[in-house]
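Just below is one structure, and these are the notes that go with it.
The values are calculated or read from the model by the stated rules, or taken from the named source; none is laboratory data. The shown structure was predicted, so the numbers you read here are calculated from the model rather than taken from an experiment. All Cβ positions, even for glycine, are placed from backbone atoms using ideal geometry, and neighbour counts span all protein chains on display. Each accessible area value is taken on the protein alone, full model and side chains, heavy atoms only, with ligands, DNA and RNA left out. Shrake-Rupley method; radii C 1.70, N 1.55, O 1.52, S 1.80 Å.
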Amino acid sequence: MAPAHLRGCLNMMFQLATTLGIFTANMINYGTSKLHPWGWRLSLGLAAAPAFVMTVGGMLLPETPNSLIEQGNKTKGRRVLERIRGTENVDAEFEDMVDASELARLVKHPFRNILKRRNRPQLIMAILMPTFQILTGINIILFYAPVLFQSMGFKRSASLYSSALTGAVLASSTLVSMATVDRWGRRILLITGGIQMIICQVIVAIILGLKFGSDKELSRGYSIIVVVFICLFVAAFGYSWGPLGWTVPSEIFPLETRSAGQSITVTVNLFFTFAIAQSFLSLLCVMRFGIFLFFSGWIAIMTIFIYLFLPETKGVPIEEMMRLWEKHWFWKKIVSEEQQAKNTNGLNHA
């Protein structure tokens, strides 16, 4: 529903809401943990509040113009489009939606269609973007934070302090991304965020490798340095791969394969979240501080990938996204080859 020039910012409100929700939940859990013996019941019960708000909000939420047009209700679809744009001058956008809907209606099997050669760029992005998002090592950083805070003397309160600090950094850095993504674009945020995360992970690995003594504790000075770089890493993730790992896949698919593409993105993300969570302890035992170098290597790969293969999607209407791949130095070879094959087959049949 978002207009093209605000799509990135509005899409990132998903990530902002998620980080604020996690931060709020952590604070509620900390407060109710002191209410013995029934505090956990209050914490669990309070989860009904956002569920109630979502249920009521769902009842009040209108269908999107695209959805209404797909259902054949063009008049109502145009009316909703005019309302959310605040103007009756929506002819061009409405026609684009109608054309995209008619094309989507011809596709009976979106999952089969997404495997076609002309959809290869979007499919690769739908798989690699969520994969790379998890392979930044953000979960590992968050796992390590309580240990680092304990070594600084926070002891039993380490989990609270680490959760509060990283949660606040994530939320605030998402605000930075929301303010800049539609001005600077997706690529610059992903690339600069990747470079910042690499630097932070390498520095943390060096400090832990050289200064993590036999007593298994860092000195207070080095602990402070490590926590600072962990916060800088979390901030870099919060303005780049955190929100954009969802934003980019959500805006690159044409209407006929959008549902299939989004489901692939979510599935891949959850799979790698599960895989990293299950293998983390084993990796940590084997690699120790080298685990930070392992993830920094992946970040280097994904940063190069973005630089070479992701076109800038800033300000491009979703209905016209296919033209980006046709103009890209690499993907145009794949997309145009199928188009040429179709033209050749058409001439042969003629």
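Worth a mention:
- Efficiency of FRET from Cβ geometry, residue 91 and residue 56, R₀ 41 Å, rounded to 0.05: 0.75
- You can think of it this way: the chain between residue 284 and residue 333 has 13.4 nm of extra reach, that is 0.36 nm per residue less the Cα-Cα gap.
- Heavy atoms of residue 70 accessible to a 1.4 Å probe, total area in Å² rounded to 10: 90 Å²
- Here the gap between residue 326 and residue 304, fully extended at 0.36 nm per residue and compared with their Cα-Cα distance, gives a gain of 5.8 nm.
- Taken about its Cα centre, the range 7-139 carries a charge dipole of roughly 500 debye when the Cβ of each Lys and Arg holds +1 and the Cβ of each Asp and Glu holds -1.
- Per-residue ellipticity at 222 nm from helix content only, as computed over the chain with -39500 (n - 2.57) for each DSSP H run of at least four residues, stands at -25500 deg cm²/dmol.
- Solvent-accessible area per residue for the range 111-338 (1.4 angstrom probe, square angstrom): 44 Å²
- Under 27 Å between alpha carbons - lysine pairs in the chain that sit 8 or more apart or on different chains: 20
- The value for the chain of Rg(Cα) / (2.2 N^0.38 Å) is 1.15.
- Relative to the longest principal axis of the Cα atoms of the chain, helix 258-287 runs at roughly 20 degrees.
- Förster radius 25 Å - calculated FRET efficiency between residue 263 and residue 139 (Cβ-Cβ, nearest 0.05): 0.65
- What separates the Cα centres of the range 286-306 and the range 190-254 is a distance of 11 Å.
- With all projection directions averaged, the alpha carbon convex hull of the range 1-157 covers 14.5 nm².
- Rolling a 1.4 Å probe over the protein heavy atoms of the chain, with every protein chain left in place, gives an accessible area that is 66 percent carbon and sulfur.
- The slack in the chain from residue 275 to residue 175, taken as 0.36 nm per residue of separation less the alpha-carbon distance, amounts to 33.1 nm.
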